[in-house]
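The values are calculated or read from the model by the stated rules, or taken from the named source; none is laboratory data. What you see is a predicted model; the values in this text were computed from it and never measured. With ideal geometry, Cβ positions are generated from the backbone for all residues, glycine too; neighbour counts draw on all protein chains shown.
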Amino acid sequence: MREKVMLLNIDILHRTATLHKEGCFHLPRSLGTKFKLVGQMGRDGGWFPVNSKADAVKIARQLAPKSEVVPCNDC
C-alpha cells in the first residue's frame, strides 16, 4: 500500500504554505508554471510533494520561514 502524497503550495506573494491532499479540486491541472516550480522554489513559490505535515513544516521553515503551514479547508 503506497502512502498518500500531499502537496505543499508555498506562495511567496501571499506568504502562505497550504497543504493539499492528493486529488484536491484546488490543485491546478498543471502544477508547474514559469514562476511556480515543482520540487523547487521559483519567483512566486513552489509545489512540493510531501508525505506528512511534519515534512511540510520542515520544507516551509527552510524555504519560506515567514509562512505558516495550514491545511486546505476543502480537502
*Considering segment 35-68 alone, what residues qualify as being touching an Asp or Glu at 6+ places or on another chain (Cβ under 9 Å), in a loop (DSSP other than H, G, I, E, B) and of a type outside the set (A, V, I, L, M)?*
Phe35, Asp44, Asn51, Ser52, Ser67
*Kindly list the number of the only condition in (1) farther than 18 Å from Cys75 by Cα; (2) not in a loop (DSSP other than H, G, I, E, B) that fails for Ile10.*
(1)
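Table: residues versus (1) touching a Ser or Thr at 6+ places or on another chain (Cβ under 8 Å); (2) charged (D, E, K, R); (3) exposed (fewer than 12 other Cβ atoms within 10 Å of the Cβ).
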{"residue": "Ile12", "(1), (2), (3)": "no, no, no"}
{"residue": "His20", "(1), (2), (3)": "no, no, no"}
{"residue": "Phe25", "(1), (2), (3)": "no, no, yes"}
{"residue": "Arg29", "(1), (2), (3)": "no, yes, yes"}
{"residue": "Lys36", "(1), (2), (3)": "no, yes, no"}
{"residue": "Arg43", "(1), (2), (3)": "no, yes, no"}
{"residue": "Pro49", "(1), (2), (3)": "no, no, no"}
{"residue": "Ala54", "(1), (2), (3)": "no, no, yes"}
{"residue": "Pro65", "(1), (2), (3)": "no, no, yes"}
*May I ask you to verify whether Cys72 is touching a residue at least 40 places away in the same chain (Cβ under 8 Å), hydrophobic (A, V, I, L, M, F, W, C) and touching a His at 6+ places or on another chain (Cβ under 8 Å)?*
yes
*Which pairs do you get when a residue that is over 22 Å from Pro71 (Cβ atoms), found in segment 27-43, comes within reach of a residue that is outside any strand (DSSP E or B) and basic (Lys, Arg), reach meaning Cβ atoms under 8 angstrom, with the pair 6+ apart or on two chains?*
Phe35/Arg43; Gly42/Lys34
*Which condition number in (1) under 12 Å from the mean Cα position of the chain (by Cα); (2) over 14 Å from Val5 (Cα atoms); (3) modelled with pLDDT of 90 or more is the one that Gln62 fails?*
(1)
